[in-house]
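Below you'll find the structure, written out as structure tokens, and then a few comments.
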Amino acid sequence: MAPVDPETVLDGESPLTSHVALTLYLDFATCSLHGSALLTLSAAHSGPLSLDTRSLTIHSAIDPTSLSPIPFSVSQPDPVLGSRLSLSLPAETPLSSILISFSTSSSSALHFLSSPFPYAYTQCHSIHARSLFPCHDTPAARLRFTALLNIPSSLSAVMAARHHVRRHPIPSEGSLSCPDSLWCAPGRIVEHFIMDQPIPPYLFAFAVGHIVSRDIGPRTRVYAGPDVVDEAAREFAGTEEMIRAGEKLFGPYDWERFDLLVLPMSFPYAGMENPRMVFLTPTVIKGDPAGAHVVAHELAHSWTGNLITNKTNEDFWLNEGFTTYAERRIVEVLQGEERAALSMGRGWRELNRTVERFRDNMEFTKLKPCMQGIDPDDVYSQIPYEKGFQFLWRIERQVGRPVFDKFTKKYISTFKFQSIDTETFIDFLKANMPGIENQIDLRLWVEGIGIPPDAMEPVSAVYNKIKTLASEFKNGQMSGDDEVVQWNGQEWQLYLENLSSNIDPSQALALDARYRLSGSRDWEVKVAFLELAISSGCKEYFAEAERLLKQVGRMRYLRLLYTALAKCSDEGKMLARRIYAEARNCYHPIAQGVVESILSKHA
Ligand SMILES: [Zn+2]
């Protein structure tokens, strides 16, 4: 039986799960989750059936109609895939649904925080949904769901789904998750959610905490802690305008709501495109419209990623390359060509830097790499984003923007609510742009390593000026105040990234003395400066890096700063180890894995 996706135990022969009804009891005292999952299969099935799990204890599996037990076994965990749950469905009466009860206190998707307030949230991309409930954890297995979340009544829950009702627990409704004495205990409440649109499992998401909200548009509400909600509402006030720009470019917004949830500082990504409710790190709030790039990116996923989904992680560029392209088109409409070009310039630098990172393993510089036996978190990089962007931009330059725009709209309407692979995209491209394969080396772009010769650095006056100033600084010439006075975070970030690490410690100190970059309110600028300063050998910034690493869990920052510390000196290595030991619990489990792999590689 042919494997359908190297990241799942699914065999390609059995039916997929089309719906799951979840009851989940969150125990904040023990940081554990007790649940049941009523899985509905797309067709009745008998004989063996495999599901993905990770760090789940399976208590029972039954036929929900006859209540007869279904024999099952759980394999030894594979470091990448987790454990296979093997069920033996009765041969005589094929089943179309299965009821499984389970619990976990070490889910790789779920992060419990105790201070300053109790909070719990999930991050399932790319293969962590299996550590919340047993599932077919591959993007091709799109499913609808309902969820009952039993939580402390002092908190509230939100989900990337439609909120149905908040109500008191009902005896026996959660009996497969936990006893009624817990489910219906005083001080508990149930939040009921429904998701009618089929999603890939990695988009399953919830958060529980002291969460309040503000309406900021006809279909957008900002959710956040009481201390940041007003600031967040101001920052994202332009969201409706952004959605309209997206609709003009890519077709109707199909998810009804576009709400935004600002999470605690430990949230590991800039944003996660969970449908109907995007999850965001508070570090994107900076009182600077350039911060809206992250929202533009997550919004763009509503079309490319959530409507059309990559079939496997090998096709991840279909999600991220398209979304990076779409994000820049939205930014261009709202903020102009120069802003979009700056974003492309940063992308170009990131692309070159990432190719350098993988110089010993060029497989992961391919648009479509082989992911057999690979943990996607270990090779997460900007290649699918920026090489994917470059590929689409190359096609746009070849055929012209009007033709490419028409193609993109047709692509989205043709494949929406489907999960497709790269080959399907290429076939669709060739069918709709006859002869394109004679004009662009499609195979080199998809299967080749590194950066193809017909990729292009963006041309823009502002971008070029910043690069010139950066190279002058490296030669000892400080930029004048009049040259940088108009700069916002994006310009500074590009400038700092263009300095790379080959400046003297004294130059880093002089730059900071003049422009106070280490104290910037813009996290991107602050991290870019600290990385530069530490890499150039400035011990003066160790304390600031420590403060930051104990405050934020966004993985991009952790990657940059832990790597800079671990590589700069023995003292830096020791500091990195100590900070991690003290900050570990503030990081999401996925981020913990990333820092541990940096430390084991460099320190
Ligand atoms: Zn994305």
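Structural remarks
- Cβ-Cβ distances below 9 Å connect the following pairs, each with a first residue in the range 204-230 that is open to solvent by 10 Å² or more (accessible area, probe 1.4 Å), a second residue that is part of a strand (DSSP E or B) and acidic (Asp, Glu), and a separation of six or more residues or different chains: SER213/ASP259; ARG219/ASP259; ARG221/ASP215; ARG221/ASP259; TYR223/ASP259.
- Cβ separations smaller than 8 Å between residues 6+ apart or across chains give the following pairs from the range 451-469 residues that are among the small types (Gly, Ala, Ser) to residues that are open to solvent by 70 Å² or more (accessible area, probe 1.4 Å): SER460/GLU337; SER460/GLU338; ALA461/GLU338.
- Apart from one condition, VAL294 fits all of (1) more than 11 Å from the ligand (Cβ to nearest atom); (2) under 13 Å from the mean Cα position of the chain (by Cα); the exception is (1).
- Filter result for ILE503 (modelled with pLDDT of 95 or more and of a type in the set (Val, Ile, Thr)): no
- Scan of the range 467-501 for residues that are among the hydroxyl-bearing types (Ser, Thr, Tyr) and either open to solvent by less than 40 Å² (accessible area, probe 1.4 Å) or in a loop (DSSP other than H, G, I, E, B) (or both), ordered by number: SER479, TYR495, SER500, SER501
- Qualifying residues in the range 304-326 (those that are in a loop (DSSP other than H, G, I, E, B) and away from the ligand (no atom under 12 Å from the Cβ)) - the one most open to solvent (accessible area, probe 1.4 Å): LYS311
- Residue satisfying all of: in the range 231-265; in a loop (DSSP other than H, G, I, E, B) and more than 23 Å from TRP303 (Cα to Cα); most open to solvent (accessible area, probe 1.4 Å) among these: MET265
- Taken over the range 387-425, the criterion of being closer than 21 Å to PRO369 by Cα and open to solvent by 20 Å² or more (accessible area, probe 1.4 Å) is satisfied by TRP393, ARG394, SER419, ASP421, GLU423, THR424.
- Residue within the range 235-244 that is among the aromatic types (Phe, Trp, Tyr) and closer than 24 Å to ILE383 by Cα present: no
- Residue list for the range 545-556, restricted to those being part of a helix (DSSP H, G or I) and under 16 Å from ARG577 (Cα atoms): ALA545, GLU546, ARG547, LEU548, LEU549
- Any hit, the range 350-359, residues being of a type in the set (Asp, Glu), within 16 Å of the ligand (Cβ to nearest atom) and open to solvent by less than 20 Å² (accessible area, probe 1.4 Å): no
- Enumeration of residues in the range 77-106 that are free of Cβ contacts under 8 Å to residues at least 40 places away in the same chain, under 12 Å from LEU56 (Cα atoms) and open to solvent by 20 Å² or more (accessible area, probe 1.4 Å): PRO77
- Here is the figure for the range 108-125: residues that are open to solvent by 10 Å² or more (accessible area, probe 1.4 Å), modelled with pLDDT of 95 or more and in a loop (DSSP other than H, G, I, E, B) total 3.
- Consider the range 367-386 and keep the residues that are within 14 Å of the ligand (Cβ to nearest atom) and not acidic (Asp, Glu). The one that is surrounded by the most Cβ atoms within 10 Å (Cβ to Cβ) is PRO384.
- Condition check for THR239: within 11 Å of the ligand (Cβ to nearest atom) and either touching a residue at least 40 places away in the same chain (Cβ under 8 Å) or under 24 Å from VAL527 (Cβ atoms) (or both): no
- For the range 159-166, the count of residues that are touching a strand residue (DSSP E or B) at 6+ places or on another chain (Cβ under 7 Å), open to solvent by less than 10 Å² (accessible area, probe 1.4 Å), farther than 30 Å from ILE308 by Cα and not basic (Lys, Arg) is zero.
- Of everything in the range 270-291 that is within 11 Å of the ligand (Cβ to nearest atom) and not hydrophobic (A, V, I, L, M, F, W, C), the residue that is farthest from TYR253 (Cα to Cα) is GLY271.
- Filter result (more than 17 Å from ARG353 (Cβ to Cβ) and open to solvent by 30 Å² or more (accessible area, probe 1.4 Å)) within the range 527-554: GLY537, LYS539, GLU540, ALA543, GLU544, GLU546, ARG547, LYS550, GLN551
- In the condition set (1) more than 13 Å from the ligand (Cβ to nearest atom); (2) open to solvent by less than 20 Å² (accessible area, probe 1.4 Å), GLU338 is compliant with all but (2).
The values are calculated or read from the model by the stated rules, or taken from the named source; none is laboratory data. Everything numeric in this text was worked out from a predicted model, so none of it was measured. Backbone-built Cβ (ideal geometry, glycine too); neighbour counts: all protein chains shown. Remember, those area values only see protein heavy atoms, side chains included, never the ligands or the DNA or RNA. Shrake-Rupley method; radii C 1.70, N 1.55, O 1.52, S 1.80 Å.
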